[in-house]
Amino acid sequence: RLDSSYYDLLASEARLGSFIAIARGDVPIEHWFSMSRPYGAIGRHQALLSWAGSMFEYLLPLIFQRSYGNSLLDKAIRETVAIHIAYGRKRRVPWGISESAFGDLDVNKVYQYKAFGVPELGLKRSAREEVVVAPYATLLAVNAAPKETVQNLKRLARSGLLQDYGYYESLDFGRRPRREGERGVIVRAFMAHHQGMGFLSLTNFILGNPIQRRFHDDPRARAVEPLLHERIPLLPSLHHIPTRGSMPSVMSVGEAAPSISKFDTPHTATPRTQLLGNGRYCLMLTNAGSGYSRWGDFEITRWRSDRTMDPWGTFCYIREADPDRLWSNAYHPTGGKVEAYSADFALDRAVFRREDNGIQTETEIIVSPEDDVEIRRITLFNRTVRNRRLDLTSYVELSLAPHNADRQHPAFNKLFIQTEAVPEHEALLAYRRPRSKDDPPICVAHRFTLKDAGDEALRFETDRRQFIGIGRTLANPMGVFQEPGNSQGFVLDPILSLRRSVTIGPGKRIQVSMVIAAGKDRQKVLGLMSKYSDVHAIARAMDIAWASAQLELRLLRIQPDDARRFQQLASHLLFPNPHLRSP
């Protein structure tokens, strides 16, 4: 179905299409006069309005068509350039605003594109904080204002826009720069059609308008040339368009992702949750450090909605043998008294902090936007004056099944899970044997990553019964007090558990990352284990998660406060509160 709208403004590139269509005989001459000619009062000017108020709309046809003195279009072109110059002077920025790429990126890291202009010149009023200066717009004006064009190009060059391949796409003054003292964000891209417009405008100016001459040498163009001599109306009717107010603030590149929720206790009436994901891999965390990991329809870790005990999740135990002390990276699973505790849920990550026995523990948890991987980067800081030797033991209770299937038949489901140690990758694998040819495959891998890891032998356990021990719970499992049994294969109750020992000097810190990856086959997850065996890959994933969270907010047009409310709503959906039920 054809759209009911029309792009029929004379002050636009549409007039070039109308002119050519009339010259070719495709439409009658009345087509030209049916185009809209709205006027607006801008200071002492009565200016012909365009859709966006951009220089492109007024000046692009000038590459091909002549402008005749004292005509409607000639006056519109000269007034537009003057208004843009005055607007730039008023905003203390270079002039020349047009449609262009600007400082926002989408989730694929591609610059976004939009029409910008002087608000008073456009029927679609741009927000006043949207000031994006495009060098090609200046080049389009070289015939109308050559001296001012050269001055503006020099100013843009001083701002860092001139490079080996010409001027960068634009300078976005509506976004916060990355460095102090700078104004605007440079859009480091080159668009071929904008570069082409600039080259053609310069060609016309330097060589005596050869593009225009070639266009008007066509007899069909000469036949309808009088259309370009349209006179200026004496008393045009003026459009009064209210100026658009400020747009709601949307986070820009370079701004830190604001914290959504902060908690200084794990003891809330209902667990407070944070959902992280990349569209395939999903992670839920509570303010006490429990939660689940999911990949597609599969639960990687077992989980039940238990707002009282909440014992499910992926954990890391921290033990000091001399003297014998045990705690965890978050509140769960060891519980007990904590000297200091906090949980911060930001847009891109969850951060847990606690202090025990002179050791500060910070855990940053993200889901990689690029890969189906979750990363738990644990930073241990020794605040004492002696060396501290710590054992870190991970615990991942496996499900590898859809939630309902695991809930209905957990014991039966465990029979199909096989575990395997892969020493060359310092990793543990777990995969589900298909019960039929239609069963979708899943494979999960887990490893520790740390700088200067050395040649420590892989120590692991994949049998939950052996790990917890008789008469014990996850708060004090036997597996953290004794050497792992290195069991693997078809165990009755599968888990993934690795052991790493670290020594931290006085006043020193060390980072250890727990990595879990999911995929369809062994080759895929082992490839991810290899990639994330490098601490630089871990750091890069952390940075990308931060950037991706901001991009997603902009793409969805969600404000941070809205995101916080959505996360609060998720808490009540995952842990239903009877007080919120309808009577």
* From the list G485, G479, pick out the single residue that is of a type outside the set (K, R) and assigned to a loop (DSSP other than H, G, I, E, B). => G485
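This table checks each residue for (1) closer than 27 Å to P484 by Cβ; (2) assigned by TED's automatic domain parsing to the domain that holds Y431; (3) in contact with a helix residue (DSSP H, G or I) (Cβ under 9 Å, 6 or more places away or on another chain).
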residue	(1), (2), (3)
C316	yes, yes, no
L347	no, yes, yes
V351	no, yes, no
E362	yes, yes, no
D372	yes, yes, yes
L380	yes, yes, no
V385	no, yes, no
R388	yes, yes, no
A411	yes, yes, no
* **From A475, A453, A430, A517, residue being within 23 Å of H332 (Cα to Cα) and within 37 Å of the chain's Cα centre (by Cα)** => A517
* To do: Could you pull out the residue among G43, G25 that is modelled with pLDDT of 95 or more and surrounded by fewer than 16 Cβ atoms within 10 Å (Cβ to Cβ)?
  => G25
* the stretch 339-350, residues that are over 11 Å from G289 (Cβ atoms) and of a type outside the set (S, T, N, Q) -> E339, A340, D344, F345, A346, L347, D348, R349
* Asked: Mind checking which residues of the stretch 450-486 are surrounded by 13 or more Cβ atoms within 10 Å (Cβ to Cβ) and touching a helix residue (DSSP H, G or I) at 6+ places or on another chain (Cβ under 6 Å)?
  -> L458, E461, F467, G469, R472, P477, G479, G485
* Within the group A445, A453, which residue is in a strand (DSSP E or B) and either under 17 Å from S513 (Cα atoms) or of a type in the set (A, V, I, L, M, F, W, C) (or both)? -> A445
* So, in the stretch 301-335, of the ones that are small (G, A, S) and at pLDDT 90 or above, which residue ends up farthest from H579 (Cα to Cα)? -> S328
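Residue-by-condition table, conditions (1) part of a helix (DSSP H, G or I); (2) of a type in the set (G, A, S):
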| residue | (1), (2) |
| --- | --- |
| S67 | no, yes |
| N70 | no, no |
| L73 | yes, no |
| E79 | yes, no |
| I85 | yes, no |
| G103 | no, yes |
| Q112 | no, no |
| G117 | no, yes |
* Looking at K147, is it surrounded by fewer than 18 Cβ atoms within 10 Å (Cβ to Cβ) and assigned to a helix (DSSP H, G or I)? -> yes
* Structure fact -> With criteria (1) under 19 Å from V93 (Cα atoms); (2) modelled with pLDDT under 95; (3) not β-branched (V, I, T), A157 comes up short on (2)
* Asked: Quick check, is Q482 assigned by TED's automatic domain parsing to the domain that holds V385 and free of Cβ contacts under 8 Å to residues at least 12 places away in the same chain?
  -> yes
* To do: Can you tell me which residue within the stretch 403-427, out of those that are surrounded by 18 or more Cβ atoms within 10 Å (Cβ to Cβ), touching a residue at least 60 places away in the same chain (Cβ under 8 Å) and in a helix (DSSP H, G or I), is nearest to the chain's Cα centre (by Cα)?
  => H425
* **Any hit, the stretch 121-132, residues being without any contact (Cβ under 8 Å) to a residue 60 or more places away in the chain, assigned by TED's automatic domain parsing to the domain that holds N204 and in contact with a Gly (Cβ under 8 Å, 6 or more places away or on another chain)** => yes
* Go through the residues of the stretch 169-180 one by one and say whether even a single one is without any contact (Cβ under 8 Å) to a residue 24 or more places away in the chain and under 27 Å from the mean Cα position of the chain (by Cα). => yes
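The values are calculated or read from the model by the stated rules, or taken from the named source; none is laboratory data. Every value quoted in this text rests on a predicted model; they were computed, and no experiment measured them. Counting neighbours? That spans all protein chains shown, and the Cβs are built from the backbone with ideal geometry, glycine included.
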